[in-house]
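What follows is a short report on a single structure.
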Amino acid sequence: MGRIICAGLGPGDPDLISVKADRLIRQASHVAHFRKAGRAGQARRIVDGLLRPDVVELAMEYPVTTELPFDSPGYNSLLAGFYDYWAGQLADLARTTDVVVLCEGDPFLYGSFMHLHSRLQGRVAVEVVPGIPGMVGCWSAAGTPITWGDDVLSVLMGTLPEDDLARHAAAADALVVMKTGRNLPKIRRALDRAGRLDQAWLVERGTMPDQRVAPLATVDESDCPYFAIVLVHGHGRRPGGPQ
C-alpha cells in the first residue's frame, strides 16, 4: 500500500525546497503536478533536474483557469469534476506505490492540493510536507520586514470585491494581496481608497531569477503578472518599530 505525498516547493527558488521534500522528490517513481493546458507548469519548472530518469509524470491540466469567472456555476462544476477525477486516479495509483504531488508554496495555504486532500480522506494515506509560502519569499525579496511589534497582518485574495479589499486594507497594519493578475487594477483602486497605495509594492516571481520588485503606484495597470503579490508593510504599534 502506497501513499500520496504532497511536497511543498516553496516560493520558486529550488534552493528553498526543504531537505525532506527534496529527498522525496528525487526518490519518487511517480510525480504529479498541476499545470495550465499546454504549459510546462511552475511547479514542474522548480524541480527541473531533480527527477529520476525513469520517473512517471502525471500532468494534471486544469480544465479552466481564467476563461470563466471564478464564482460562476460553470467554473465550479468543471473544477469539481477535475478534482474528483484526479483524486480517483491518484488513489488508484497509491494502492501499489507512493505518488509525490508537487505544490508551489505551502500546500495548506491556498494551495490547489487542498481540493484533492479533502477528497482523499479515508481512501488512502496522505502526507503533506510543508513549504515556505510564496508570500514569505516575496517579502524577503522586498527587503523590508512585513510586520513589527503588534502589527496585524491580513492576507487577502485579489478576487474579493473592491469594497471588501478597501475595508480590509484600511483596517490592517500590514497586507498581503494574492491572486493579482487581471485583478490588479481593482486592487490598486481599493488601496488608493484606503490611503495605502503609496505604501504598496508589487513583487513578481519573488526569489526567482527574473523577480521584479516595484512600487505598485508606478506599475502600469495593464501590466498584470500572474505570479505576483502585492505587499503593504506594517509600521509597528509599539515603540521599537521603524521610524
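The values are calculated or read from the model by the stated rules, or taken from the named source; none is laboratory data. As the structure is a prediction and not an experimental result, all values here were calculated from the model. Heads up, the Cβs are rebuilt from the backbone with ideal geometry, glycines too, and the neighbour counts pull from every protein chain shown. Heads up: the accessible areas ignore ligands, DNA and RNA and are worked out on the full protein's heavy atoms, side chains in. Shrake-Rupley method; radii C 1.70, N 1.55, O 1.52, S 1.80 Å.
Within the option set Val176, Val213, being surrounded by fewer than 18 Cβ atoms within 10 Å (Cβ to Cβ), in contact with a strand residue (DSSP E or B) (Cβ under 9 Å, 6 or more places away or on another chain), modelled with pLDDT of 95 or more and of a type outside the set (Lys, Arg) holds for one residue only, Val213. Which residues, counting only those in the range 8-44, are modelled with pLDDT under 95 and open to solvent by 70 Å² or more (accessible area, probe 1.4 Å)? Those that are modelled with pLDDT under 95 and open to solvent by 70 Å² or more (accessible area, probe 1.4 Å): Lys36, Gly38, Arg39. Looking at Gly195, is it over 30 Å from Gly41 (Cα atoms), open to solvent by 30 Å² or more (accessible area, probe 1.4 Å), in a loop (DSSP other than H, G, I, E, B) and of a type outside the set (Lys, Arg)? Yes.
Among what's in the range 70-94 and is part of a loop (DSSP other than H, G, I, E, B) and either in contact with a His (Cβ under 7 Å, 6 or more places away or on another chain) or small (Gly, Ala, Ser) (or both), pick the residue that is modelled with the highest pLDDT. It comes out as Ala94.
Evaluate the range 125-141: report whether one residue or more is more than 21 Å from the chain's Cα centre (by Cα) and either over 23 Å from Asp173 (Cβ atoms) or free of Cβ contacts under 8 Å to residues at least 60 places away in the same chain (or both). The answer is yes, given that some residue of the range 125-141 is more than 21 Å from the chain's Cα centre (by Cα) and either over 23 Å from Asp173 (Cβ atoms) or free of Cβ contacts under 8 Å to residues at least 60 places away in the same chain (or both). Residue selection: Phe113 fails the criterion of being without any contact (Cβ under 8 Å) to a residue 24 or more places away in the chain and under 12 Å from the mean Cα position of the chain (by Cα). Within the range 116-163, being surrounded by fewer than 14 Cβ atoms within 10 Å (Cβ to Cβ) and outside any loop (DSSP other than H, G, I, E, B) holds for Ser118, Ala125, Glu127, Asp163.
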